[in-house]
Amino acid sequence: MLPAGRITMAVRRYKLITCAVLVVLLFLLPVFGVSEYFLSICILAMIYTTATASLRLVALTGQINMGHAGFMMTGAYVSAVLAKEVGLSPGVAIVVGGLSAFIIGFLVGLPFARVRGLYFSMITLFFGAGLLSINQVLTEYTGGYSGLAGIPPLLSTNAKGPYYFLFLGITISCLAIIYRLEFSRIGMTWKTIAQSDLVASSVGINVQLHKAISLGLGAFIVGIAGATFAHYYTILSHSSFNFLASLYLIVYMLTGGIGSFAGPIVGAALLVIIPESLRSLKEYVPYVFAGIMLFVVFLMPNGIAGLPNQIRQSLQNKGTVGVKREVPEDASRG
């Protein structure tokens, strides 16, 4: 039997090889002659994959942010206004948009870090609604209900191929940052906090500060996603960042599997690409999402990404059924 250490290394090596092959295939996708429309769907999927993965950074501390789309809106509008009105280049404006979302997320996290569970979710829900209201008040800059148009694009071309490669690079970079955070010392600290605030505090962890940092970093990544969204579509509407948008991000995360790094990636990719590929059924998307959620909750409690482990455990359990345990003769006499 192989030692546990060698098995762990083999699993990690398998995952790295799988990720490398997947990245290569993604870079080769335009070479396969796919349509411009499908590339545009992939770009949208990459934006929401980044946003959903950033939401899991907050979930690592045991909290659910129900106003995450509000931080996405912050990054989008700050970047768009700075590029359109001030004249900043889109690249610089995107970074500033992400930093603006980080500052707001961190400042919100500090006073409310002591609030847990449903109460924290409700606070973030109301705060997301507040950000949406601010957007509607600043009509002179944001366009209010009419939306904001004329945003400078990221590239000087309308072809989807260059945008596809640009967004693939941005998505991989953001996911690499999130992965590094999760499996670093700070990520382990966040997971400890999720298990028990009291235990974490007893060993000297500043729970309030770590929760604020988690919320701020999640806001930064989703702010970057929102800013790239703005400069790709060159038009913004407040309806793109309402409560339903935040709910969709949660659905993506739970469907893919909140317990693994790959979960939000799988959930967002599938639940964005499938509905966008079936535009004629667009009005039924909420019902489809509800059905998928019920299916996952009852049949795949660990999400789609956890399905291979669930199947393997099921097969192992079936293999042990009917195996009679031998009882030593002396023990049976006793």
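Test Thr139 against the criterion of being open to solvent by 40 Å² or more (accessible area, probe 1.4 Å), more than 27 Å from Ser239 (Cα to Cα) and of a type in the set (Val, Ile, Thr), and give yes or no. Working first, answer last.
On the way: open to solvent by 40 Å² or more (accessible area, probe 1.4 Å): yes; more than 27 Å from Ser239 (Cα to Cα): no; of a type in the set (Val, Ile, Thr): yes.
Criteria not met by Thr139.
Search region 142-159 for residues being within 10 Å of Leu236 (Cα to Cα) and buried (at least 18 other Cβ atoms within 10 Å of the Cβ), and hand back the single one that is farthest from the chain's Cα centre (by Cα).
Gly143
Here is a yes/no grid of residues against (1) hydroxyl-bearing (Ser, Thr, Tyr); (2) in contact with a Phe, Trp or Tyr (Cβ under 8 Å, 6 or more places away or on another chain):
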| site | (1), (2) |
| --- | --- |
| Leu39 | no, yes |
| Met46 | no, yes |
| Thr52 | yes, yes |
| Arg56 | no, yes |
| Ala59 | no, no |
| Met66 | no, yes |
| Met72 | no, yes |
| Val81 | no, yes |
| Lys84 | no, no |
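Any idea which residue in region 69-89 is farthest from His238 (Cα to Cα), counting only those that are crowded, with 24+ Cβ neighbours inside 10 Å and out of contact with any Gly (no Cβ under 7 Å at 6 or more places or on another chain)?
Within region 69-89, the match that is farthest from His238 (Cα to Cα) is Ala83.
Can you pull out every residue in region 241-260 that is closer than 23 Å to Gly130 by Cβ, in a helix (DSSP H, G or I) and open to solvent by 40 Å² or more (accessible area, probe 1.4 Å)?
Matches in region 241-260: Phe243, Leu244, Leu247, Tyr248.
I need the full set of residues from region 1-49 which are modelled with pLDDT of 70 or more and either in contact with a His (Cβ under 7 Å, 6 or more places away or on another chain) or among the β-branched types (Val, Ile, Thr) (or both), in order please.
Ile17, Thr18, Val21, Val23, Val24, Val31, Val34, Ile41, Ile43, Ile47, Thr49
Leu270 passes all but one of (1) closer than 18 Å to Leu44 by Cα; (2) at pLDDT 85 or above; (3) touching a helix residue (DSSP H, G or I) at 6+ places or on another chain (Cβ under 7 Å); which number fails?
In the conditions (1) closer than 18 Å to Leu44 by Cα; (2) at pLDDT 85 or above; (3) touching a helix residue (DSSP H, G or I) at 6+ places or on another chain (Cβ under 7 Å), Leu270 misses (3) alone.
Pick out the one residue from Phe243, Phe298, Phe289 that is at pLDDT 85 or above and more than 28 Å from Phe183 (Cα to Cα). Lay out the reasoning, then the answer.
On the way: Phe298 fails: at pLDDT 85 or above; Phe289 fails: at pLDDT 85 or above.
Phe243 is the lone residue from the list that is at pLDDT 85 or above and more than 28 Å from Phe183 (Cα to Cα).
Report whether or not Thr171 is in contact (Cβ under 8 Å) with a residue 24 or more places away in the chain and on the phi > 0 side of the Ramachandran plot. Please lay out each step first, then the result.
Values: in contact (Cβ under 8 Å) with a residue 24 or more places away in the chain: yes; on the phi > 0 side of the Ramachandran plot: no.
So Thr171 does not fit the description; no.
Would it be correct to say that Ser121 is out of contact with any Leu (no Cβ under 7 Å at 6 or more places or on another chain), part of a helix (DSSP H, G or I), open to solvent by less than 40 Å² (accessible area, probe 1.4 Å) and under 30 Å from Ser196 (Cα atoms)?
Numbers: out of contact with any Leu (no Cβ under 7 Å at 6 or more places or on another chain): yes; part of a helix (DSSP H, G or I): yes; open to solvent by less than 40 Å² (accessible area, probe 1.4 Å): yes; under 30 Å from Ser196 (Cα atoms): yes.
Spelling it out, Ser121 is indeed out of contact with any Leu (no Cβ under 7 Å at 6 or more places or on another chain), part of a helix (DSSP H, G or I), open to solvent by less than 40 Å² (accessible area, probe 1.4 Å) and under 30 Å from Ser196 (Cα atoms).
Within region 81-91, is there a residue that is over 15 Å from Leu138 (Cα atoms) and under 20 Å from the mean Cα position of the chain (by Cα)?
No, because not a single residue in region 81-91 is over 15 Å from Leu138 (Cα atoms) and under 20 Å from the mean Cα position of the chain (by Cα).
Can you tell me which of Ile235, Ile224 is at pLDDT 85 or above, in contact with a Gly (Cβ under 8 Å, 6 or more places away or on another chain) and open to solvent by 40 Å² or more (accessible area, probe 1.4 Å)? Explain how you work it out, then say what you get.
Numbers: Ile224 fails: open to solvent by 40 Å² or more (accessible area, probe 1.4 Å).
Just a single option satisfies the conditions, and that option is Ile235.
If you scan region 261-276, which residues turn out to be closer than 21 Å to Ala176 by Cβ and either without any contact (Cβ under 8 Å) to a residue 40 or more places away in the chain or not in a helix (DSSP H, G or I) (or both)? Don't jump to the end; show me each part of the working.
Going through region 261-276, the residues closer than 21 Å to Ala176 by Cβ turn out to be 261-269, 272.
Listed by number, the residues that qualify are Phe261, Val266.
Let me confirm something: among Lys160, Lys211, which residue is over 16 Å from Gly70 (Cβ atoms), out of contact with any Leu (no Cβ under 7 Å at 6 or more places or on another chain) and among the basic types (Lys, Arg)? Spell out how you get there, then give the answer.
Values: Lys160 fails: out of contact with any Leu (no Cβ under 7 Å at 6 or more places or on another chain).
Of Lys160, Lys211, the one residue that is over 16 Å from Gly70 (Cβ atoms), out of contact with any Leu (no Cβ under 7 Å at 6 or more places or on another chain) and among the basic types (Lys, Arg) is Lys211.
Hey, any hits in region 177-188 for a residue that's without any contact (Cβ under 8 Å) to a residue 12 or more places away in the chain, within 24 Å of the chain's Cα centre (by Cα), under 21 Å from Val92 (Cβ atoms) and surrounded by fewer than 16 Cβ atoms within 10 Å (Cβ to Cβ)?
Among the residues of region 177-188, not one is without any contact (Cβ under 8 Å) to a residue 12 or more places away in the chain, within 24 Å of the chain's Cα centre (by Cα), under 21 Å from Val92 (Cβ atoms) and surrounded by fewer than 16 Cβ atoms within 10 Å (Cβ to Cβ), which makes the answer no.
Could you give me the residue pairs with C-beta distances under 7 Å whose first residue belongs to region 228-239 and is over 11 Å from Ser79 (Cα atoms) and assigned to a helix (DSSP H, G or I), whose second residue is among the hydrophobic types (A, V, I, L, M, F, W, C) and open to solvent by 20 Å² or more (accessible area, probe 1.4 Å) wherever it lies, and which are 6+ apart or on separate chains?
Within 7 Å, the pairs are Tyr232/Leu154; His238/Leu132.
Check whether at least one residue in region 27-36 is closer than 17 Å to Leu175 by Cβ and among the charged types (D, E, K, R), and report yes or no.
Checked region 27-36: no residue is closer than 17 Å to Leu175 by Cβ and among the charged types (D, E, K, R).
The values are calculated or read from the model by the stated rules, or taken from the named source; none is laboratory data. Owing to the predicted nature of the structure, the values given are computational and were not obtained by experimental measurement. Neighbour counts are summed over all protein chains in view; Cβ atoms, including those assigned to glycine, are modelled from backbone coordinates with ideal geometry. These area figures cover heavy atoms from the full protein model, side chains too; ligands, DNA and RNA do not enter into them. Shrake-Rupley method; radii C 1.70, N 1.55, O 1.52, S 1.80 Å.
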